[in-house]
Structures are given as structure tokens and as C-alpha cells.
Ligand SMILES: Nc1ncnc2c1ncn2[C@@H]1O[C@H](COP(=O)(O)OP(=O)(O)OP(=O)(O)O)[C@@H](O)[C@H]1O
């Protein structure tokens, strides 16, 4: 089935052709007709399968074909849990709607509110927002929902996890009862099912792949080790397996900062994303990573949802997430749009229950392996019978190969950003559609800065270093350098 067969209008078809989208994905095939028909929708599909276009394309078409917006009005509201995802979803609307005369904008916290208030004066066809800032704008009288036609909740369960429930309720209370409501996610918790029952009217249910399933394109592997050995094991694997770019998740903001300090000290180009970093710095780190000017991006779960980093070959879980669903979203940053990806989790004995919860959710026992020299003294208890396909039969210690057991798909990283690693050529970027004058507003994205040499690590003064031996020594040197540089703490 083609996009034309889904009854999309010519400007959208032309843009899709320019973007190189030949055929709709399964979730798009099911969602687009339902959204065009004005139905409410609850859609579950694996990470990286094109859910954004599944709602953006038909909504752009509906907004173009009927209606107009008045001052302070918003016709379509898209709520997302994080600021980075807000930017990305807005960018998708801009790209898909490049040939359409619609007004769109994005609003989130951590940046001045005034420009957002100004943007809302003339009204918007599409507003992508995070719940907290949206509520601030609403309370200031910067916008009205009298003209609202459609509400989209992207990654709604994450918004509830982040404690936005009260904000969401306040937003829902301000919306017209007569509207279209769409709910999209790769995972659906019980709470979200309950919320859907209240919010959706006679919804179409789209299940393009099993809910809560990890993307099939991602090969997964667990390295069992001791907690204190994790930082050193990570550095060892990055070198030995010659990682290209990797997105590394750690549980806490402090853990993220410590790991970045260690990696930078070890000569890697690494940056951090977490909730305590100023928003412009967060966006800049992400944009530099997307532009392949940074090799390793270390993040809390703020980066787990929705982020689309082209051809990212590897996700690493330094710590397992406490919410099992987040594992599915984290590893879904790789293996997107049919590409191959790999996910490595470093697991210590005290994480066995988290591992069990993840394996129960994804209905899969993850293959395990131990790296010579990093074997766990505190054994990680078994969580079940490993599946047949798992290549975890360990050869005798002396005979163990030094090569990785999980092939990480190769990907390009610019030479100057990664002094110590092999550097293949950068892949060609995906074409983007032209943006005619009078079309969508430009996103307030900071332009990516040129690559620079890895700088000395910045570490909060007085921090505890978890690393051992070489890593610990390196990290222990960091506070003095950080103080000298005067970089913000987090
Ligand atoms: N029909 C298509 N043909 C080719 N590429 C597509 C198509 N639809 C979407 N894509 C691309 O696939 C990638 C993943 O899309 P998207 O970010 O919407 O996935 P998602 O399902 O929302 O993922 P997540 O659950 O992680 O949020 C994007 O890079 C997008 O440009």
C-alpha cells in the first residue's frame, strides 16, 4: 500500500517523496485513515516504527483542508513528556508540513516564556508542548482552547511517570469536550489504559506490533559484573569493541556526570543530558550528538523516550531502569526504521529484580555474558532459562576470545571528535524537504557547533567516584580540573 492509497493530499505526497518515505509503515497504514476520519485512537507500535508521521500526516491534512485559527487559538495540541522530544516532534511537523500554509510552534520550560507568549498571539494550527509550560501559558491567558480540534498524547505513560498527572488533569479540564483525542506509545501501562478509558470516545485501537515489545531489530546482551567494576568495564568495552556512537543511560544525574567525567578523562568525547543541566546545554549536547560531533552521550531517562537519532548503532545501560517499560524505550533509540542496532546492559547482583521485571515485560530472557577480567564476584542470580539462540556458552577462561560476542553495527563518527577510535566516513544525512516562505516557522534550535577536542572532565566538587583502578584514578583527578574550568556543577 502506498501513501497515495491512504488518500493523502498532493503536497504531503510530494514532501514524503522528497524525504524518501516510499511506503507507510504498519502503524501508519492503520492510524492514518482513522485519524483522517476524525476518530479517537489508541495506538501501540514498537519504537522507531514511525508513530510520529502516523499522527502528524493526517492531522496536517485535516488542518489544511478545513478551518482557520484566530488570535491566541490552538487547533491541534500535542503533549509530550520531555523538552527534547517536544523539539523533535515539532521538527517532524515542520518537515512533513513544509509545503502547507500552517503555523506551528513548540513550547517547553527551562527557556524564557515571553517568545512563546508572543508566538501565540496570532494563534497556532499546531502547538507541541510539555505539560508544565503549557499550563503556565494557559494561566497567563496566552492561549485559548476554544478552537481546539485535536489533542495528541505522545508517550503519555511517561508523562504520568514524571508526575505530570495533576498538570494533565488541569489541561484536560480546559479543553473542549468535543474534540479528537489520540494516544500513541510503544508501551502501555495499566494506568494509561485507565486514562484512555476516560479520555477517548469510541476509540479505534491500533496495535501494529505487540505492546511492550522491544524492537526486533535490536540485538540485546547482558554483561554481568560487580557494581564497582561497571565504569571500568564500560571503558574497556568501548575500546575493545571499537564503539562508534553510543547512547549510555545511567540512573541518576550524579551518575551521569561521573561517567562523563571518567569518559572524558579516558579520551572519549562525551557529553551529558539530564534534568539539572540548563536547557540550552541539553539541546546543544543532543544536537552535537545527532550531528556526530560527540561520540558518547550519557543521559538519564530524560532521553529514553521518542528521540530519533539517525542510525545510532548502540545503546548501553550502565544501570537498569527502575521502570521496566523504560528499558524498551531506551533500547528503542537504536534499531530504528528497520536499521540494525545493539543494546548492552551492565548488570550487577543487586539489579536482578529489575532484570527479571524487564524480562517479564518483554517476554524474553536476555542472553548473558561475562567479560574476562570483569567477572562478577557477587553472582547475578538466574532469572530463567536462557533462550536457545543465546550465544552465552562460555569457553574455558584462557580460550575466551577477546572479540565482542555482540556485533555492534558500525557507524561513522568524525575524526576530530574521537581521537582514539577508528573513524569510518560519515553517512549521508537523510534529505529534508524544502521549507517555502509562509510555511512552517523555523525551530529555535541552536545550530550545531564545530567539533572540538575533548575537554577535561567537569565533576561536582566533593563527588564520590565509583570507578576502580585506572578509571578511579582518572576520575579522582577531575574535580580540580573542573574547578579550574568553572563549568556548572551538573
Ligand atoms: N514511512 C516511512 N518510511 C521511511 N522512514 C520513515 C517512515 N516513517 C517514519 N520514518 C522514519 O523512521 C524513524 C522513526 O520514526 P518515529 O520517530 O516517528 O518513530 P516512533 O515510532 O515514534 O518511535 P518511538 O517509539 O521511539 O518514539 C524516523 O527517522 C522517521 O523519519
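Bear in mind that the values in this text are calculations on the coordinates, not laboratory data. Predicted model only: the values in this text are computed from it and were never measured. Heads up, the Cβs are rebuilt from the backbone with ideal geometry, glycines too, and the neighbour counts pull from every protein chain shown.
Obtain the nm distance between the two label points defined at residue 66 and residue 356 by a simple spin-label model: each point lies 7 Å from its Cα along the Cα-to-C-beta direction.
Simple spin-label model gives 5.4 nm for this pair.
Indicate the gyration tensor shape class of segment 218-369 (rounded, prolate or oblate), computed on the Cα atoms with a ≥ b ≥ c the square roots of the eigenvalues: a/c under 1.5 is rounded; otherwise a/b larger than b/c is prolate and the rest oblate. Please list the in-between numbers first.
Details: a/c = 1.42, a/b = 1.26, b/c = 1.13.
It is rounded, given that a/c, with a ≥ b ≥ c, falls under 1.5.
Using a 10 Å cut-off around each Cβ, can you sort 351, 370, 155 from fewest to most neighbouring Cβ atoms? Kindly include the intermediate steps, with their values, before the conclusion.
Details: 351 22, 370 19, 155 26.
Lowest count first: 370, 351, 155.
For residue 175 and residue 340, what does the FRET efficiency come to when R0 = 41 Å and r is the distance between their Cβ atoms, rounded to the nearest 0.05?
Working: r = 41 Å, r/R0 = 1.01.
Taking R0 as 41 Å, the efficiency between residue 175 and residue 340 is 0.50.
What's the extension gain from residue 363 to residue 191 if we count 0.36 nm per residue and subtract their Cα-Cα distance? Could you put the intermediate results ahead of the total?
Details: separation 172, 0.36 × 172 = 61.92 nm, distance 2.03 nm.
Residue separation times 0.36 nm, minus the Cα-Cα distance, leaves 59.9 nm.
Between residue 14 and residue 377, how high is the FRET efficiency from 1/(1 + (r/R0)^6) when r is the Cβ-Cβ distance and R₀ = 45 Å? Nearest 0.05.
Values: r = 61 Å, r/R0 = 1.36.
Once the sixth-power term is evaluated, E becomes 0.15.
Which of rounded, prolate, oblate describes segment 4-207, given a ≥ b ≥ c as roots of the alpha-carbon gyration tensor eigenvalues and a/c under 1.5 marking rounded, otherwise prolate only if a/b is larger than b/c? The partial results should precede the final answer.
Working: a/c = 1.55, a/b = 1.16, b/c = 1.34.
Oblate is the answer for segment 4-207, as a/c is 1.5 or above yet b/c matches or exceeds a/b.
Between residue 22 and residue 349, what's the calculated FRET efficiency when r is the beta-carbon distance and R0 is 41 Å? Round to 0.05. Working shown, then result.
Values: r = 48 Å, r/R0 = 1.16.
Once rounded, the FRET efficiency stands at 0.30.
Using Cβ contacts closer than 10 Å as the measure, can you line up 32, 358 from fewest to most? List each step's numbers first, then the result.
Working: 32 22, 358 28.
Neighbour counts put them in this order, fewest first: 32, 358.
Counting other beta carbons within 10 Å of each Cβ, put 269, 205, 189, 382 in order, fewest first.
On the way: 269 27, 205 14, 189 19, 382 11.
Ordered by Cβ neighbours within 10 Å, fewest first: 382, 205, 189, 269.
Please label the shape of segment 157-294 as rounded, prolate or oblate, based on the square roots a ≥ b ≥ c of the eigenvalues of the alpha-carbon gyration tensor (a/c under 1.5 means rounded; beyond that, a/b larger than b/c means prolate, else oblate). List each step's numbers first, then the result.
Numbers: a/c = 2.56, a/b = 1.90, b/c = 1.35.
Judged from the Cα gyration tensor, segment 157-294 comes out prolate (a/c at least 1.5, a/b above b/c).
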